[in-house]
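Accompanying notes for the structure given below.
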Amino acid sequence: MDTNQPTDQPIVTPTTVTPSPAIMKTKMPSTVAFAVGILLFFMPFSEIKCGGSTIMSKSGLSYALGSDWKSSGALGSEGMGELTSKTKKEKEGMAQPLAIAAMVLGILGLGLCFSNVRSAFSGGVVAGALAAGSLIGLMFEVKKWFNNGLAKDALDKVSEGGNGFGEMGDVKPALAFSSWFYIAIIAFLAAAFFCYKRMSGNKSS
């Protein structure tokens, strides 16, 4: 009789490992995106350039506060005084309310990121999208203000026998929006996207 009977091997039950939540399901991406968008308001959003040199600039916070353009002093005192007078004469349409809206929506979206309620996720989507839309609206308002102001002043100068406002010699001032401004728009759109992914991820889980 064979005494070397095979022993039964113990049955190993695999341990169930609970996967950590995907990064898109967490508050981190949307929180960082909203924070970046808000912090960029301290950077120059728009610039008035003459001959490739920035002569005046305005930050997002300055738009929200209704502050004047910041002069770099690159022009002579006479030319700078004329340009400064133009920028102070009339505010940039609806730029200030739009800047305030973008900031408030960004701060609201940032606050909603810390909530785990599903309605907060959808609120973050709306806040991010509207904040980006407000900045785009601000851009159009400032461009309209600048172009209309230059055209009107040029006509006045021509009627007086001059060569048109803002032409420092043969160089005409131009309005440009900085890369910080466009990054702020992208940051708010990214925040809205991350909130949407977080909402979708929590729905499927």
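Here are the numbers:
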read-out: Local electrostatic count, residue 114, Cβ distance below 13 Å [Lys/Arg +1, Asp/Glu -1]; value: +2
read-out: Inter-label distance for residue 88 and residue 136, nm, one decimal - labels placed 7 Å from Cα along Cα-to-Cβ; value: 3.6 nm
read-out: Summed residue charge, Cβ within 13 Å of residue 98's Cβ, Lys/Arg positive, Asp/Glu negative; value: +1
read-out: Cut-off 12 Å between beta-carbons: net charge of the residues surrounding residue 194, Lys and Arg +1, Asp and Glu -1; value: +4
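Values in this text are rule-based calculations from the coordinates and carry no lab data. Given the structure is predicted, the values throughout are model-derived calculations rather than measurements. No Cβ is skipped: glycine too gets one built from the backbone with ideal geometry, and neighbour counts run over all protein chains shown.
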